[in-house]
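The values are calculated or read from the model by the stated rules, or taken from the named source; none is laboratory data. Since the structure is predicted, the reported quantities are computational estimates derived from the model, not experimental observations. Cβ placement follows ideal geometry from the backbone for every residue including glycine, while neighbour counts extend to all protein chains displayed. Areas reflect the complete protein model, heavy atoms only, side chains present, ligands, DNA and RNA absent. Shrake-Rupley method; radii C 1.70, N 1.55, O 1.52, S 1.80 Å.
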Amino acid sequence: MATTHVKRAFRYRCYPTDAQAAELSRTFGCVRLVYNLALAARVEAWAERGERVGYGATSALLTGWKRTAELAFLSEVSCVPLQQALRHLQAAFVNFFAGRAGHPRFKSKKRSRAGAEYTRSAFRYRDGRLVLAKMAEPLDIRWSRPLPEGVSPSTVTVSRDAAGRWFVSLLCEDPNVRPLPVLDTAVGVDLGIAHLAVLSTGEKVPNPRHERRDRTRLARAQRELARKAPGSSNREKARRKVARIHARIADRRRDFLHQLSTRLVRENQAVVVEDLPVRGMLRNRRLARAVADAGWAELRSMLAYKCAWYGRELVVVDRWFPSSKLCGVCGTVRDHLPLHVRTWECACGAVHDRDVNAARNILAAGLAVAACGDGVGPQRSTPGGQSSVKQEVVPTAALVRGGPAARPRGLPGQSVIVPRR
């Protein structure tokens with residue numbers, strides 16, 4: 001089986017000395033300043049002259065800025081992170097013009113991520129010792145897991161989070177990532193709040209509710225922060241305490257989602273999920289906190305890249321598919337099904353658990369469309385957004401009994417959007 005060459009980032013905690021921390025902090029500030037100056041120059045050139053300024057022009061501007069008396073301090077830090085900031089800005093504009101992202105925004109000292117990226121010419125890595133440019137000693141890194149044997153990082157990113165923790169991320173090829181053996185199983189996943197995920201097999205994954213477990217501690221820390229005088233050292237201490245609680249919640253949530261997504265990918269050849277409108281659901285004041293705590297978008301992102309890594313299929317069902325209201329036995333769709341109704345009986349006599357039935361319908365819809373080869377997404381040119389291939393509502397049980405013929409087809413790791421019916 002061929003090895004998949006995957007660029008993978010390995011993230012570790014690091015503990016720089018006072019001198020190293022000061023040097024990194026100066027670098028972070030210079031990176032932020034160069035990014036903002038280049039962004040301002042590009043915006044001004046477009047507004048005044050209708051001119052698009054690219055990476056080459058901003059690189060020439062950086063050379064000029066270093067020669068001025070006001071910005072001469074830019075020469076005191078490594079030039080590589082500054083050049084990387086200009087490349088990141090160029091990539092941001094490319095994504096903006098392609099419609100994949102919004103217009104680049106200016107970086108803030110308080111709200112933006114503090115980080116700097118070093119390429120091969122700006123660091124030296126040998127035998128587990130990493131020395132960055134402008135530093136005489138290696139960083140004190142906690143090697144929680146070893147790097148793949150025989151590889152060296154191509155890029156090193158050093159960052160500091162809001163809680164004051166330092167991290168170093170090493171990007172390198174991981175030869176251990178390879179397609180897993182092909183299986184004959186597929187699973188539908190219905191995401192929720194009472195249970196984080198309900199599988200088509202009937203298994204219900206409990207929702208850990210990490211934010212709720214620390215809600216009392218977080219509220220107390222936030223009240224203490226609100227009482228501190230702005231600009232005081234005590235306020236900074238209180239702010240870091242709040243940030244540490246948020247970091248603890250995020251770390252525990254991320255660890256749980258990694259375990260769940262890895263298990264789903266390893267045990268199934270195809271994973272079918274629903275395209276939930278998470279951004280819209282966060283506007284619901286009653287559900288926003290619980291939806292944000294569940295981490296649905298992060299789970300889907302993990303499933304996407306892990307399926308691509310290990311040769312699995314990720315099928316995404318359209319958000320308007322009536323998975324909860326559709327009877328998986330006779331195919332009847334109920335007109336109305338309130339959220340508080342967790343078990344319902346169809347006119348055909350079948351009694352459904354709302355979430356399990358939705359997961360099985362999601363699986364059936366994903367297998368049906370992938371098997372007939374109907375590509376992706378609703379056809380917007382067709383009235384009503386109907387799919388290009390006529391679809392019949394097939395009972396879940398019939399699809400499950402279909403065996404290999406009902407399995408998804410396509411390239412390994414392909415993400416398929418099931419059309420709206």
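Exactly one condition in (1) buried (at least 19 other Cβ atoms within 10 Å of the Cβ); (2) modelled with pLDDT of 95 or more is not met by Lys228; state its number.
(1)
Give the number of residues within the stretch 47-76 that are under 25 Å from Val156 (Cα atoms) and under 31 Å from the mean Cα position of the chain (by Cα).
Residues that pass the stated criteria total 5.
Counting residues that are in contact (Cβ under 8 Å) with a residue 40 or more places away in the chain and either surrounded by 15 or more Cβ atoms within 10 Å (Cβ to Cβ) or out of contact with any Pro (no Cβ under 9 Å at 6 or more places or on another chain) (or both), which strands (runs of 3 or more DSSP E) fully inside the stretch 139-208 reach at least 3? Steps first, please.
Numbers: elements: 155-160, 166-174, 186-191, 195-199, 204-206.
Filter on the stretch 139-208 gives 155-160, 166-174, 186-191, 195-199.
When residues of the stretch 288-306 are filtered for being over 14 Å from the mean Cα position of the chain (by Cα) and either open to solvent by less than 60 Å² (accessible area, probe 1.4 Å) or among the β-branched types (Val, Ile, Thr) (or both), how many remain?
The number of residues fulfilling the criteria is 4.
Do we find that Ala270 is open to solvent by 20 Å² or more (accessible area, probe 1.4 Å), small (Gly, Ala, Ser) and either within 14 Å of Ala364 (Cβ to Cβ) or within 15 Å of the chain's Cα centre (by Cα) (or both) in this structure?
no
Inside the stretch 365-384, can you point out the residues that are modelled with pLDDT of 80 or more and either under 27 Å from Leu287 (Cβ atoms) or open to solvent by 30 Å² or more (accessible area, probe 1.4 Å) (or both)?
Ala365, Gly366
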